[in-house]
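Below is one structure, written out as structure tokens; the observations come after it.
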Amino acid sequence: MVRLVCVVQGVYYLMRGLWPLVSMDTFVAVTGPKTDLWLVDAVSVLVTVLASVLLFAAARHQITSAIWLLAIASAAALMVVESFYALRGVIWAVHLLDAVLEVGLIALWIIALFRARHAVTGGAPRHPHPVR
């Protein structure tokens, strides 16, 4: 399931990152007017880079703790920024939809990582020292 979540987030970020780069007009029509299009481009390129890393890690079956930290932290950062500015009316409220999707991605990672850990430990609690 961890690999599936990595792929889902990677594909979502790839679509999200490429959209403004491919068609700024449709992106602005849906998400609202922007004063600094260079900033939209910069965020889009960074989100596309995140997508590439996630998809590469999933394809190579190398989803390390660094990868899931990157995935969860990226989703959290995007969620916080979009929520903050959308709730203050700086950007259109449609960005709250993406914030909700980011929360969903975080939840999927937590569930997947919990299940993976549970499968490794066989459901037995892990103790740092033997229980006496």
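The table that follows gives values for the structure above.
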{"read-out": "Globularity index of the chain, i.e. its alpha-carbon radius of gyration over 2.2 N^0.38 Å", "value": "1.26"}
{"read-out": "Heavy-atom accessible area per residue - the chain, 1.4 Å, Å²", "value": "64"}
{"read-out": "Degrees separating the helix 2-22 axis from the principal Cα axis of the chain, which is the longest one", "value": "10"}
{"read-out": "On Cα atoms only, tilt of 65-87 relative to the major axis of the chain in degrees", "value": "40"}
{"read-out": "Residue 90 accessible area, 1.4 Å probe, all protein chains in place, Å² to nearest 10", "value": "100"}
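The values are calculated or read from the model by the stated rules, or taken from the named source; none is laboratory data. Quick caveat: nothing in here was measured; it's all calculated off a predicted structure. These area figures cover heavy atoms from the full protein model, side chains too; ligands, DNA and RNA do not enter into them. Shrake-Rupley method; radii C 1.70, N 1.55, O 1.52, S 1.80 Å.
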